[in-house]
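Chemist: This structure is in structure tokens; I'll ask about it shortly.
The values are calculated or read from the model by the stated rules, or taken from the named source; none is laboratory data. Not measured: the values here are computed from a predicted model. Because the Cβ atoms are built from the backbone with ideal geometry, glycine has one as well, and the counts that use them run over all protein chains shown. Just so you know, the surface numbers come from the protein's heavy atoms only, side chains and all, with ligands and any DNA or RNA stripped out. Shrake-Rupley method; radii C 1.70, N 1.55, O 1.52, S 1.80 Å.
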Amino acid sequence: MISRRAALGGLLAGGASLATVGVLTNRYTQRWIFGAPAFATEAKSLTIPKLMTGEVRSGVRTFDLDMQKGVSRFFDGIETPTLGINGAYLGPTLKMRSGESVQMNVTNNIGEASTLHWHGLHLPARADGGPHQVIAEGDTWSPKFSVKQRASMFWYHSHMVPRTGPQVYQGLAGMIYVDDEETSRLDLPSDYGVDDIPLVLQDRAFNRDGSFYYGTSMPNVMMGMRGNVLLVNGMVQPYFTASTNKIRLRLLNGSNARFYTIGFDDGRTFQQIGSDGGLLERPFETTQITLAPAERAQIIVDVSDGQPVRLRTFATPNSGMMGGGGMMGQMMGDDLTFEVLDIRPDAQRAKSARVPDRLITLARPAPSQAVRTRRFIMQMGGMMMMGGGSFTINGKSMDMNRIDETVRVNTTEIWQIENTSMMAHPLHIHDVQFRILDRNGVAPPPGETGLKDTVVVAPNERVRLLLSFSDYTDPDRPYMYHCHILEHEDAGMMGQFVVKS
Ligand code: C2O
Ligand code: CU
Ligand code: CU
């Protein structure tokens, strides 16, 4: 067996672009993750998703999106059937500005019904792209909305109950960049693809014929579908040549289920400047950051020392009371780690401005404004291993015909999320960007002080969120809240709320 380490060692030493990157089977593949037989690929330069600004038609920025089938080559000589938007795998980065009117024309040609959801955007429920906005095969869906967001990176993906897991896994996802006045004034790296780089992390498993392996057995559902190969913008272990001293990385955990703790192989510090829904008030220095599925972070890394450095992941237990090192953690492959991006600083690099100490201003969360507190209990029940598991919120599995919660527009509420299961669940709430008040009564760490739309709730944890509902009402069409482990979502860990006038 070769070692991928040896291959990369050669690559770093000689800078040879011909070094191959092998993907090996490992012990997890014998269990719940199917194994790829040592597929290999040459180290390639990172693909940056195409930046799409759309077309302004009578004052409305219009994006024509085609959900389609394709074939991708993640490994040399190996073809993988995939799904994409305006391409074979994933979709373009949609760029829009706060205050603009936007129209999407989404055509579905994937061979089955689907939806496209704008994750993190504050929109009317009818434009949300959730499970109620189904696009039949061959149809076009054209929602229109205005962009009411702080500048950040959002994303879009299929939300087709109960097929979200397999559809996203096949490739139905892409990024959204929103700009605004306040952020454009800041001197931050913002040259797309040059010093402002989106990175979507997705683990995948492969069958021997090169197709994706997507398991539907109970362990795959319980643990969420995980793989032993990491794709970064749809590539295996890419490299990036840095032409500036500072690089802004916009990280999205676009995986179905796996959590990642991300940092650099030399332990260098970096600055986190943003979370899901916007910039933080102030940057802060750290060496590692953990992202659950659907969470985003913006970081700035300094490569002015000219040394190659690798972004990688570290083991991230997500197995609760049995412990990361226990049976459960092993089954889940919690201790697998991945190389994300090999950063090679160019000999000639442009200088970058120093990151401002103060980024934006956010209102201080005022829990006293809340008109009420709602409790949500996330549970996994039944005989999981025997195939009879249940995935619920407040004891209920998702029912498209049941409205679980009704909130009033122009009010603020506290949502208290509790987790009585043995795994951490990333809870995502549509329509809003919320603030985290506390975790078991303790104020959140700096990376969680900004705008969030997805929050990890650990076993036995009680997380309080402050949410304000504004602008849009619809008594009939609900928004979703759900676990963003897509297999849990598809299995019912989701509820619906409406916003009423
Ligand atoms: Cu990322 Cu309900 O979605
Ligand atoms: Cu969403
Ligand atoms: Cu979950």
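Chemist: Within segment 428-478, can you find the residues that are within 16 Å of ligand 2 (Cβ to nearest atom) and not in a loop (DSSP other than H, G, I, E, B)?
Modeler: His428, Ile429, Phe434, Lys452, Thr454, Val455, Val456, Leu465, Leu467, Phe469
Chemist: Conditions first: (1) modelled with pLDDT of 95 or more; (2) closer than 17 Å to Leu336 by Cα; (3) in a loop (DSSP other than H, G, I, E, B). Leu201 passes all but one, so which condition is the exception?
Modeler: Looking at each condition in turn, Leu201 falls short on (3).
Chemist: Looking at Arg408 and the list (1) of a type outside the set (Val, Ile, Thr); (2) surrounded by 12 or more Cβ atoms within 10 Å (Cβ to Cβ); (3) under 28 Å from the mean Cα position of the chain (by Cα), which single condition is not satisfied?
Modeler: So the condition that Arg408 fails would be (3).
Chemist: So, one more: Restricting the search to segment 459-480, which residues are open to solvent by 10 Å² or more (accessible area, probe 1.4 Å), within 28 Å of Gly227 (Cα to Cα) and at pLDDT 95 or above?
Modeler: Correct list: Glu461 only.
Chemist: Tell me yes or no: at least one residue of segment 380-395 is more than 23 Å from Ala125 (Cα to Cα), within 16 Å of ligand 3 (Cβ to nearest atom), open to solvent by less than 50 Å² (accessible area, probe 1.4 Å) and under 18 Å from the mean Cα position of the chain (by Cα).
Modeler: Scanning segment 380-395, I find no residue that is more than 23 Å from Ala125 (Cα to Cα), within 16 Å of ligand 3 (Cβ to nearest atom), open to solvent by less than 50 Å² (accessible area, probe 1.4 Å) and under 18 Å from the mean Cα position of the chain (by Cα), so the answer is no.
Chemist: Still on this structure, I have one more. Those residues that are surrounded by 24 or more Cβ atoms within 10 Å (Cβ to Cβ) and of a type outside the set (S, T, N, Q), I need them from segment 158-167; list them, please.
Modeler: His159, Met160, Gly165 - these are the residues of segment 158-167 that are surrounded by 24 or more Cβ atoms within 10 Å (Cβ to Cβ) and of a type outside the set (S, T, N, Q).
Chemist: Identify, by number, the condition in (1) closer than 25 Å to Asn220 by Cβ; (2) within 16 Å of ligand 1 (Cβ to nearest atom); (3) crowded, with 22+ Cβ neighbours inside 10 Å that Met423 doesn't meet.
Modeler: Only one criterion is unmet by Met423, namely (2).
Chemist: If I filter segment 357-378 for residues that are open to solvent by 20 Å² or more (accessible area, probe 1.4 Å), more than 16 Å from ligand 2 (Cβ to nearest atom) and closer than 19 Å to Ile485 by Cβ, do I get at least one hit?
Modeler: yes
Chemist: I would also like to ask the following. Yes or no: segment 427-442 includes at least one residue that is among the polar types (S, T, N, Q), at pLDDT 95 or above, open to solvent by 10 Å² or more (accessible area, probe 1.4 Å) and within 23 Å of the chain's Cα centre (by Cα).
Modeler: First, the residues of segment 427-442 that are among the polar types (S, T, N, Q): 433, 440.
Now restrict to residues that are at pLDDT 95 or above: 433, 440.
This time we only want the ones that are open to solvent by 10 Å² or more (accessible area, probe 1.4 Å), so: 433, 440.
Pick out the ones that are also within 23 Å of the chain's Cα centre (by Cα) and you get 433.
Yes, segment 427-442 contains a residue that is among the polar types (S, T, N, Q), at pLDDT 95 or above, open to solvent by 10 Å² or more (accessible area, probe 1.4 Å) and within 23 Å of the chain's Cα centre (by Cα).
Chemist: For segment 291-317, give me each residue that is within 16 Å of ligand 3 (Cβ to nearest atom) and farther than 23 Å from His430 by Cβ. Explain how you work it out, then say what you get.
Modeler: Taking segment 291-317 first, the residues within 16 Å of ligand 3 (Cβ to nearest atom) are 291-295, 316-317.
Of everything in segment 291-317, those that are within 16 Å of ligand 3 (Cβ to nearest atom) and farther than 23 Å from His430 by Cβ turn out to be Thr316, Pro317.
Chemist: Here is a follow-up. Within segment 447-458, can one find any residue that is charged (D, E, K, R) and either modelled with pLDDT under 95 or surrounded by fewer than 17 Cβ atoms within 10 Å (Cβ to Cβ) (or both)? Steps first, please.
Modeler: Step one: list which residues in segment 447-458 are charged (D, E, K, R), which gives 448, 452-453.
Right, trim to either modelled with pLDDT under 95 or surrounded by fewer than 17 Cβ atoms within 10 Å (Cβ to Cβ) (or both) and you get none.
Within segment 447-458, none of the residues are charged (D, E, K, R) and either modelled with pLDDT under 95 or surrounded by fewer than 17 Cβ atoms within 10 Å (Cβ to Cβ) (or both).
Chemist: May I pose another question? Which condition breaks for Arg61 when tested against (1) touching a Phe, Trp or Tyr at 6+ places or on another chain (Cβ under 8 Å); (2) among the basic types (Lys, Arg); (3) crowded, with 17+ Cβ neighbours inside 10 Å?
Modeler: If we test Arg61 against (1) touching a Phe, Trp or Tyr at 6+ places or on another chain (Cβ under 8 Å); (2) among the basic types (Lys, Arg); (3) crowded, with 17+ Cβ neighbours inside 10 Å, just (1) comes out false.
Chemist: While we're looking at this one, here's another question. Restricting attention to segment 403-418, does a residue exist that is closer than 20 Å to Asp276 by Cα, in contact with a helix residue (DSSP H, G or I) (Cβ under 7 Å, 6 or more places away or on another chain) and of a type outside the set (Ser, Thr, Tyr)?
Modeler: Yes, segment 403-418 has at least one match.
Chemist: State all residues of segment 479-501 that are in a loop (DSSP other than H, G, I, E, B) and closer than 30 Å to Arg282 by Cβ; if no residue qualifies, say none. Working first, answer last.
Modeler: Filtering segment 479-501 for residues in a loop (DSSP other than H, G, I, E, B) gives 484-485, 491-493, 501.
Selection gives His484 alone.
Residue by residue, here is whether (1) closer than 23 Å to Thr53 by Cα; (2) away from ligand 3 (no atom under 16 Å from the Cβ); (3) open to solvent by 10 Å² or more (accessible area, probe 1.4 Å); (4) at pLDDT 95 or above holds:
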{"residue": "Ser142", "(1), (2), (3), (4)": "yes, yes, yes, yes"}
{"residue": "Ser146", "(1), (2), (3), (4)": "yes, yes, yes, yes"}
{"residue": "Phe154", "(1), (2), (3), (4)": "yes, yes, no, yes"}
{"residue": "Ala173", "(1), (2), (3), (4)": "yes, yes, no, yes"}
{"residue": "Asp187", "(1), (2), (3), (4)": "yes, yes, yes, yes"}
{"residue": "Ser211", "(1), (2), (3), (4)": "no, yes, yes, no"}
{"residue": "Gly215", "(1), (2), (3), (4)": "no, yes, no, no"}
{"residue": "Val221", "(1), (2), (3), (4)": "no, no, yes, no"}
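Chemist: If a residue has to be open to solvent by 10 Å² or more (accessible area, probe 1.4 Å) and at positive phi to count, how many in segment 277-315 make the cut?
Modeler: Result for segment 277-315: 1.
Chemist: Of all residues in segment 400-421 being in contact with a Ser or Thr (Cβ under 7 Å, 6 or more places away or on another chain) and in contact (Cβ under 8 Å) with a residue 60 or more places away in the chain, which is nearest to ligand 2 (Cβ to nearest atom)?
Modeler: Across segment 400-421, the extreme among qualifying residues is Val409.
For every residue, the table says whether it meets (1) in contact with a helix residue (DSSP H, G or I) (Cβ under 6 Å, 6 or more places away or on another chain); (2) within 15 Å of ligand 1 (Cβ to nearest atom); (3) open to solvent by 10 Å² or more (accessible area, probe 1.4 Å); (4) under 16 Å from Thr62 (Cα atoms).
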{"position": "Tyr89", "(1), (2), (3), (4)": "no, no, yes, no"}
{"position": "Ser101", "(1), (2), (3), (4)": "no, no, yes, yes"}
{"position": "His119", "(1), (2), (3), (4)": "no, yes, no, no"}
{"position": "Ala125", "(1), (2), (3), (4)": "no, yes, no, no"}
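Chemist: Cβ-Cβ under 7 Å, sequence separation 6+ or interchain: first residue in segment 155-174 and at negative phi, partner open to solvent by 10 Å² or more (accessible area, probe 1.4 Å) and among the aromatic types (Phe, Trp, Tyr). Which pairs?
Modeler: Pro166/Tyr214; Tyr169/Phe212; Tyr169/Tyr214; Gln170/Phe212
Chemist: Another question about this same structure. Could you go through segment 490-498 and let me know if any residue there is open to solvent by less than 10 Å² (accessible area, probe 1.4 Å), of a type in the set (Gly, Ala, Ser) and within 11 Å of ligand 3 (Cβ to nearest atom).
Modeler: Going through segment 490-498, the residues open to solvent by less than 10 Å² (accessible area, probe 1.4 Å) turn out to be 492-498.
Now drop any that are not of a type in the set (Gly, Ala, Ser), which leaves 492, 495.
From what's left, within 11 Å of ligand 3 (Cβ to nearest atom): 492.
Yes - at least one qualifying residue is present in segment 490-498.
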